[in-house]
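The values are calculated or read from the model by the stated rules, or taken from the named source; none is laboratory data. For clarity, every value in this text was computed on a predicted model and none was experimentally measured. Here Cβ is always computed from backbone atoms with ideal geometry, including for glycine, and neighbour counts include all displayed protein chains. Accessible surface areas use protein heavy atoms only, side chains included; no ligands, DNA or RNA. Shrake-Rupley method; radii C 1.70, N 1.55, O 1.52, S 1.80 Å.
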Amino acid sequence: MGRVLGRGIGYLAQIMFARVLAPESFGLFAIGWTLLRLFSIAGHFGMDSGVIKFGGQYWQKNALKLRSVVLVSLTSAFLSGAIMGMLLYVSAPWLAEVFFRKPALVPIFRGFAIIFPFATILRVAAATSSLSGKMLCGAISEDIAQPILQIGLFLVLFNMGMGLNAAILSIGVSYGISVIIGLVCVARSIPGIIGLGRILSDDLVPILRFSFPAIVGVTLGAFNLWGDRLLVGYFSTEASTGIYQSVSVLTMFTTIILSGFKISIAPAIAHLYYRGEHEAVKTLVRSVIRWALYISLPILIFVFVNANGLIIGLFGLKYQSGTVPLLILTIGQVFYVAFGIADQIFLMSGRQKEWVKISASIFALTIVLDAILIPRTNLIGASVVSSVMMLLLGAVATMRLKHHLKFWLFDNYHAKIIVASVITTLITHPIATNLPFGFAANALVTILIICALFMTIVWAYGMETGDRAIIHQIIRKKTPRQ
C-alpha cells in the first residue's frame with residue numbers, strides 16, 4: 001500500500017510540473033526525468049533483486065554473510081550510479097546539442113546526473129529493508145518521502161522564481177534526504193549492519209551473474225514502457241515531448257497497481273516454482289491478473305471516456321492536442337495490465353536470459369517503428385507503436401510461458417472481465433460527455449458510475465468463485481456488527 005500511495009504521489013507531482021511549466025519547459029524536463037528513471041533502474045545492476053535473493057538465503061542464518069551481501073550490494077549500487085552519473089555529466093553537451101539537438105538540455109542533464117547515485121542506492125536500500133518482511137519503512141523512504149519532499153520543495157523554489165531549475169533541484173534534494181531515511185531503515189531492520197567487521201566478497205560474482213541478466217531484461221522492459229518519451233524527444237519538438245509526457249502520466253497510474261502486485265507475489269512465485277508446484281503458480285498468477293484488471297480497468301475506462309476533459313482540466317488548453325494519443329495509450333495500458341506480470345514469472349523461475357531476449361527484440365522493433373512513424377505522424381505514431389508493442393511483448397511472453405509452464409496465463413474469467421469493460425465504456429461514454437457539472441464534479445460522478453456499472457456487470461456476468469468469496473469476506477469485515 002505504501003508503494004502504491006507513493007507512486008501515486010509521484011505521478012501527481014508530474015501533473016503539477018506539467019500544469020505549472022509550459023509544454024516546452026516540461027518537455028525538456030521530461031527527457032531528463034525519463035533518463036533518470038531508466039538509468040537509475042539499470043544503474044544499480046540489479047542489486048535490488050540480488051540482495052533479496054541472496055540476502056534472503058542468509059536471513060537469520062548467517063549474520064556475517066548477510067551483512068556482507070547487503071554492504072556489497074549498497075556499495076556497488078552507489079558506485080555504478082556514480083559512474084553513470086559522471087558519464088552523463090561529461091557527455092551532456094554532446095547529448096543535448098548533437099544527439100537531441102536541444103542545447104537547453106545541457107544543464108538539465110547535468111542536474112539529473114548528480115542525482116543518479118542517490119537514485120540507485122535508494123532502490124537497493126528499500127529492497128534491503130524488506131528482507132525482514134516489513135516493507136513499510138523502505139516504502140516510506142523510496143515511495144512516500146521522496147515524492148512528498150519533491151512536491152514541497154518544488155512549490156517553495158518555484159515561488160522563489162527558479163522556474164525549471166526548481167523541479168530539478170527539488171528532485172535532487174528529495175532523493176538525498178530519502179537515501180538517509182532508507183539507510184536508517186536498513187540499519188533498523190538488520191541490527192549490526194552498520195559497524196566495523198570483516199566483509200566477505202564470496203557472493204559478489206554469483207550476485208552479478210544473477211542480477212545482470214535480470215536487470216538488462218527489466219531495463220529493456222522499462223524502456224518498452226517509458227522509452228517512447230525519449231524517442232519523441234529525439235524526433236520531435238520540446239512542446240510535443242511535454243504534451244506526450246503529460247498524457248503518458250494519465251495512463252501510468254495503473255502501473256502503480258501492477259507494481260504493487262508484482263512486488264508482493266514475486267517471492268511466492270519463486271517459492272512455489274522451485275518446489276515444483278506449477279498448479280499453484282497457475283492459480284496465483286491468474287488470480288493476480290484478475291485483480292489487477294478489476295482495479296485498473298475502471299481507472300482506464302475513466303481516462304478513455306473523459307480524455308479531452310482530463311487534459312484540459314489538469315494541464316490546460318495548451319496540451320489539448322494530446323487527446324488522441326491519450327486514447328491510444330490507454331488501450332495500450334490495458335495490454336500492460338493484462339500481460340505485465342510475465343516478467344516476474346520469467347525472473348522468478350530462473351529464465352531471466354530468455355526475458356532479456358524477448359525484451360531486446362521488442363526494444364529493437366520499437367526503435368525502428370518509432371523512427372519511421374514519429375517523424376511522419378508525431379504523437380499519434382508514438383502512441384500507436386507503444387500500444388502495439390505492449391500487445392506484442394505480452395503475446396510473445398505468454399506463449400513462451402505456456403511452453404515452459406504448460407498453462408496459459410488467462411482463462412474465460414479474464415475474457416469476461418474485458419468484455420465487461422467494453423460494455424461499461426460504451427454505456428458510460430455518452431453519459432460522461434454530457435454531464436452538466438464542473439470538471440471536478442463531472443469526474444467524480446463519472447468514476448462512481450464506471451465503478452458501479454463495471455463491478456455489477458462483472459458480478460452478474462460470471463465472477464470467479466474465489467474472487468466472490470474474497471469480496472464477501474471484505475464486505476463482512478467492513479459491515480459493523482449489530
Test L409 against the stated conditions and say whether it is closer than 26 Å to L347 by Cβ and within 27 Å of the chain's Cα centre (by Cα). yes
Residue list for segment 421-445, restricted to those being over 25 Å from D467 (Cβ atoms) and open to solvent by less than 60 Å² (accessible area, probe 1.4 Å): A432, L435, G438, A441, N442, A443, V445
So, A214, is that one in a helix (DSSP H, G or I) and at pLDDT below 70 or not? yes
Do we find that F253 is buried (at least 22 other Cβ atoms within 10 Å of the Cβ) and within 29 Å of P430 (Cβ to Cβ) in this structure? no
When residues of segment 266-282 are limited to those that are surrounded by 20 or more Cβ atoms within 10 Å (Cβ to Cβ) and within 23 Å of R123 (Cβ to Cβ), the one modelled with the highest pLDDT: I269
Among (1) under 25 Å from I9 (Cβ atoms); (2) of a type in the set (A, V, I, L, M, F, W, C); (3) free of Cβ contacts under 8 Å to residues at least 40 places away in the same chain, there is one condition A126 misses while meeting the rest; what is its number? (3)
Failed item in (1) touching a residue at least 60 places away in the same chain (Cβ under 8 Å); (2) closer than 28 Å to N306 by Cβ; (3) surrounded by 19 or more Cβ atoms within 10 Å (Cβ to Cβ); (4) of a type in the set (A, V, I, L, M), with I418 passing the rest: (3)
What pairs can you find where one residue is in segment 17-28 and without any contact (Cβ under 8 Å) to a residue 60 or more places away in the chain and over 15 Å from R229 (Cβ atoms), the other is open to solvent by 10 Å² or more (accessible area, probe 1.4 Å) and assigned to a helix (DSSP H, G or I), and their Cβ atoms are less than 8 Å apart, with a gap of 6+ or different chains? none
All positions within segment 323-340 that are of a type in the set (G, A, S) and either farther than 9 Å from S383 by Cβ or under 14 Å from the mean Cα position of the chain (by Cα) (or both): A338, G340
Residues in segment 351-385 that are open to solvent by less than 50 Å² (accessible area, probe 1.4 Å), farther than 19 Å from T219 by Cβ and without any contact (Cβ under 8 Å) to a residue 60 or more places away in the chain total 1
